[in-house]
Ligand SMILES: Nc1nc2c(ncn2[C@@H]2O[C@H](COP(=O)(O)OP(=O)(O)O)[C@@H](O)[C@H]2O)c(=O)[nH]1
Ligand SMILES: [Mg+2]
């Protein structure tokens, strides 16, 4: 029998069919959009002009959705990426120099950092200005959000004779570090591999 000849209500009533397949999902995902169920959230944070938006585009592809936070004109771009087989929301935040906000952008990014239940914040910095940029890294490390340091623009740094030792920086800071060039798409796989460590597979629970 063809679907359109079937007497079952599911085809006639999309609401019913929606409810049907949703009932197979874990409880916390039920009632969410049937198109995309995000299984984690990662934000790209850092100063202006360090390559957050370019990295966001490289990670996600071209299409982005922009969300306006109520009462502000400041915007964050959001999209989904697949990491370790999971659909993860990725957020491109407005630039901030410090967690002590001086501008609307900084206030916005700070709020987002504390209110979004992030699985990870990737602190994007410019390899050419390492020492100046690490100040925010230390501030971010004092939050409850796990931090990965993404040292971007290594192509430009290398031209200036600056070589960043990823392992040494990792050992000194005690957080994962990735050197990359968003412009040349170098280091992107290493970054997503490190991101994957923060995207947890929910534990199965049994009640006997
Ligand atoms: N050479 C080079 N330029 C980059 C790199 N990443 C970003 N850019 C450029 O730096 C500028 C600022 O980047 P953008 O993504 O807008 O920075 P944001 O303000 O942190 O979002 C743009 O012109 C980018 O094309 C990189 O890895 N290498
Ligand atoms: Mg940007």
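Laboratory data are not the source of any read-out in this text; all were calculated from the coordinates shown. A quick note: this is a predicted structure, and the numbers were derived from the prediction, not measured. Counting neighbours? That spans all protein chains shown, and the Cβs are built from the backbone with ideal geometry, glycine included.
Each residue in 186, 110 was given a count of other beta-carbon atoms within 10 angstrom of its own, and listing them fewest first yields 186, 110. Cβ-to-Cβ counts within 10 Å put 96, 133 in ascending order as 133, 96, the fewest first. Treating r as the C-beta distance of residue 84 and residue 170 and R0 as 30 Å, the FRET efficiency rounds to 0.90.
Label positions at residue 75 and residue 162, each projected 7 Å from the Cα along the C-beta direction, are separated by 3.0 nm.
Projecting label points 7 angstrom from Cα along Cα→Cβ for residue 98 and residue 37 puts them 4.4 nm apart.
Normalised Debye scattering of segment 35-196 at q = 0.13 Å⁻¹ gives log10 I(q)/I(0) of -0.57, counting only Cα atoms as equal scatterers and leaving out solvent. The slack between residue 183 and residue 144, meaning 0.36 nm per residue of separation minus the straight C-alpha distance, is 11.0 nm.
In plain terms, the residue of 169, 130 with the fewest other Cβ atoms within 10 Å comes first and the most crowded comes last, giving 130, 169.
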